[in-house]
1. Which ³J(HN,Hα) values, rounded to whole Hz and listed in residue order, are derived for region 214-230 from phi using the Karplus coefficients 6.51, -1.76 and 1.60 in 6.51 cos²θ - 1.76 cosθ + 1.60 with θ = phi - 60°, glycine and proline given as x?
2. Given springs between every Cα pair under 10 Å in a Gaussian network model of the chain, which of ALA12, ALA248, ALA160 has the largest fluctuation?
3. Cut-off under 17 Å on the C-alpha distance; same-chain residues fewer than 8 positions from LYS380 excluded. Which lysines are left, in chain and number order?
4. Counting only protein chains, not ligands or nucleic acids, how are HIS239, HIS72, HIS165 ordered by accessible area (probe 1.4 Å), most first?
5. Report the residue, chosen from THR245, THR54, THR277, that carries the largest GNM mean-square fluctuation when the chain is represented by alpha-carbon nodes joined by springs under 10 Å.
6. Multiply the residue separation of GLN123 and ARG321 by 0.36 nm, subtract the distance between their alpha-carbon atoms, and state the gained length in nm to one decimal.
7. Please report the relative contact order for the chain, taking Cα pairs under 8 Å with a sequence separation of at least 6, and give it as a percent rounded to a whole number.
8. ARG218 to PHE382: FRET efficiency via 1/(1 + (r/R0)^6), r the Cβ-Cβ distance, R0 56 Å, to the nearest 0.05?
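The values are calculated or read from the model by the stated rules, or taken from the named source; none is laboratory data. Just so we're clear, the structure is a prediction, and the values are computed from it rather than from any experiment. Counting neighbours? That spans all protein chains shown, and the Cβs are built from the backbone with ideal geometry, glycine included. These area figures cover heavy atoms from the full protein model, side chains too; ligands, DNA and RNA do not enter into them. Shrake-Rupley method; radii C 1.70, N 1.55, O 1.52, S 1.80 Å.
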Amino acid sequence: MRPKPLSIFISAGEPSGDIIAALLARELRRQSPGVRLHGFGGPKLAAAGARVDTSLLRGAVMGGTGLVRHLHLYWSLIRNTARTWRTRPPSAVVLIDFPGFNFRVGKIAHRLGIPVYYYVCPQVWAWAPNRLLTLREIVRRSFPVLPFEEPLHQAFGIRAMFPGHPLLEVLPQRAPDRVRALRAAGLNPGRPVAALLPGSREGEIERILPVQLAAARRIAVRQPALQWAVIAAPGARPHLAPHLTRAAASGLPVHMVLDAGYGIRAHARFAWTASGTSSLELGLLGVPQVVMYRTSAFNWAIGSRVLRIPWVSLVNLLFDRGVVTELLQGALTPDALVRASAPFVRGEGARVAARRRAAELRRMLAGTGASRTVAATILKDFR
């Protein structure tokens, strides 16, 4: 009797997860050409050869109040997934970040006897370390992508392996050509650029981008040569456009840039970014930055009580000190952002220290090649 083909279900709920899922899918197919891949994700995972349901990615939200608005979608996907797996279970399930949904998917798989792997593990150490007990219960292996997470997982009895960070597979090893990158984005290569990264979700953009634009208007009065580029995350352009139209009407020309090749970010004099993966990207690119976070008053009241770490920036967490400025919730104002940016607005001096930190960050996160290692470890369990 011919053995059943290996079938792996990958669950990624956000654009950053879609990129990581695609890298893993390509490695799985390279190392095991007959593997069947399917799951939740977006266009990148689909392009990597998986059969993808994009519903989850379209419903990605930020914070508890956003989650409530999408509960019907989430529970519908969870019910349908459980129903399908009872009769047609995959050989394994790989969860990528997005813990509010993926923990539930993992529990279903575990109850049905399907091996579960968690790649880019949720930062439960920051807000709910007790959930490491749940992780221990449901996963066969975890693949945390921050080096200090591996011993923490192992201390809880989880079979954990730090494979490196998948961002190192995405970011360019050397900065793209400045002139070509800026011209392609409609920017003047002869003038400095400031990059604004207000996040990918509507809630983030509504709370962060107006503050960024107000601060930019104040700096532009004294530094008219600066060009302002808003880096648009996948799917975020409709949420960005009204703000940029109002900014242009007020006399601040702002360029919306996709920056898929990191050319604008790599050559930015400085950047303002929402907390999350983008802060680590800028850190690895050697760009001076200010990190910001603002959510609803309800979410902040809950989150500030359970948060167990002194920083929200992954760069600060990795260095275990405040090497980049953070402006959180009520502290995020145009005046505060202008003051925090003063050291690097006028010149390139701050980039020297940022580039030095970038080299150290790359050493910290190098590992053994994230996607290749994770794929090989999973496949080895089925040989």
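1. Ordered by residue, 3J(HN,Hα) equals 5, 5, 4, 4, 5, 6, 4, 4, 8, 10, x, 6, 5, 9, 10, 10, 8 Hz.
2. Of the options given, ALA248 has the highest mean-square fluctuation.
3. Straight-distance partners of LYS380: LYS4.
4. Values: HIS239 55, HIS72 145, HIS165 20 Å².
Heavy-atom accessible area, descending, gives HIS72, HIS239, HIS165.
5. THR245
6. Details: separation 198, 0.36 × 198 = 71.28 nm, distance 1.80 nm.
So the chain would gain 69.5 nm between GLN123 and ARG321.
7. Details: 651 pairs, mean separation 59.2, N = 383.
RCO, the chain: 15 percent.
8. On the way: r = 58 Å, r/R0 = 1.04.
About 0.45, to the nearest 0.05.
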